[in-house]
1. What Cys residues in the chain have no fellow cysteine's beta-carbon under 4.7 angstrom?
2. Using a basic spin-label model with each label point 7 Å from the Cα along Cα→Cβ, how many nm lie between residue 281 and residue 133?
3. Could you tell me the relative contact order of the chain? Use alpha-carbon pairs under 8 Å, at least six residues apart, and round to a whole percent.
4. Taking only pairs that are 8 or more places apart or on different chains, how many Lys pairs in the stretch 135-296 have Cα atoms under 17 angstrom apart?
5. Quick one: what do you get for the stretch 135-296 if you divide its Cα Rg by 2.2 N^0.38 Å?
6. From the residues 36, 135, 115, which one has its Cα farthest along the dipole of the stretch 1-146 in the positive direction, the dipole being from +1 and -1 charges on Cβ of Lys/Arg and Asp/Glu about the Cα centre?
7. From the mean inverse distance of alpha carbon pairs (Kirkwood) and the Cα radius of gyration, derive Rg over Rh for the chain.
8. Taking other Cβ within 10 Å of each residue's Cβ, how do 102, 34 sort, fewest first?
Amino acid sequence: MAIDVTLLKSEDFSRWDKFVRSNEEGTFCHLSGWKTVIEKGAGQACPYLIAKNGGVIVGVLPLTIKRHFLFGKALISNMFCVYGGALGNDESVIDALYEHAWKMAEESGLPELEIRGDVANHTKSIDWVSTSDSATFGITLAETAEEQLLAIPRKQRAVIRKSLKNGLTTDWNGSLDIFYDLYAQSVLSLGTPVFPKSLFEELKSTFGDSVQIQITKTKEGQPVASLMSFYFEGTVMPYYAGGTPAVRRLAAHDFMYYNLMLNAKERGCTQFDFGRSKVDSGPYKFKKNWGFTPTVLPYYTRLMLGSEKPNLSQQSGPYATLSKVWKKLPLKVSKVIGPPLARHLG
């Protein structure tokens with residue numbers, strides 16, 4: 001089969017998305033709209049690769065270029081996404097896409113090709129190094145609210161029942177400004193720079209109703225928690241969450257996720273994807289408490305000879321101290337100086 005690999009052009013966006021939706025490995029993170037979102041919202045170049053045979057699309061590979069003197073240089077599939085990697089009709093197509101990406105990295109002086117997905121048969125190559133330290137969580141949604149509640153382990157179910165008595169309400173068409181402010185508060189408490197607001201604006205603008213902003217409010221009407229979720233082919237994926245210090249006391253996040261399950265079912269979803277968390281981290285344990293079974297995410301990296309993958313961990317290494325200092329910044333300051341840094345950390 002003659003495979004022609006080229007850069008994605010705007011006229012092929014709809015055909016790209018049709019291919020993604022028809023592929024059983026396709027995800028929301030593979031959609032062409034991310035090219036627009038990342039380029040306009042985060043200022044990063046996205047040389048998306050499309051493979052054709054006789055003009056027919058047979059494979060796709062979303063890619064983003066990261067270049068930063070502190071955070072390293074890499075070609076990533078795909079930045080700001082928990083999933084990525086090549087989709088193809090067969091292994092020869094996937095081979096062609098990865099080889100083209102590797103040559104692109106070499107020619108661009110990028111020492112790392114990072115794939116946020118399984119490289120399948122390519123794991124046999126000594127060039128690929130597994131970097132799996134995270135897991136994803138997913139369940140099939142129950143038919144009714146009561147069945148959904150009973151499907152959750154007893155201890156977590158009790159927390160949800162308590163949250164339902166706290167007078168919390170949900171705005172399903174939440175303000176992006178309110179969402180961003182609560183999200184910025186949360187990441188500041190974690191010692192992490194906040195992503196540019198433009199990234200979230202582009203997500204909503206590009207994907208429309210497939211992106212939902214959910215604001216949880218107290219009985220007095222005060223916003224206390226926020227969530228941006230993605231919808232794709234019958235699956236809902238809560239993606240970016242925020243909240244005030246009152247979240248834990250009110251069990252607002254528990255209320256928020258349970259109500260998302262119910263609302264997603266009403267929208268016709270059958271699957272709930274709780275997203276990625278580092279193994280044994282706080283969010284990882286929180287999701288396990290809901291009765292979700294973790295599935296290891298197979299991430300892989302290919303490095304040029306003599307190169308090492310940079311350690312960006314907040315728990316150890318050069319950025320651990322920076323993270324502690326960052327937590328002490330005023331919120332307004334973090335929202336100004338954070339985005340220029342965070343756009344390289346997606």
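Only the coordinates and a few stated rules stand behind these numbers; no lab work does. All values derive from a computational prediction rather than experimental measurement. Counting neighbours? That spans all protein chains shown, and the Cβs are built from the backbone with ideal geometry, glycine included.
1. 46, 269
2. Computed distance between label sites residue 281 and residue 133 equals 1.0 nm.
3. Working: 642 pairs, mean separation 75.5, N = 346.
In percent, rounded to a whole number, it is 22.
4. Here the count comes out as 10.
5. Numbers: Rg = 14.9 Å, N = 162, 2.2 N^0.38 = 15.2 Å.
That ratio works out to 0.98.
6. 36
7. On the way: Rg = 20.5 Å, Rh = 21.2 Å.
On the Cα set of the chain, Rg over Rh gives 0.97.
8. On the way: 102 16, 34 25.
The most exposed by this proxy come first: 102, 34.
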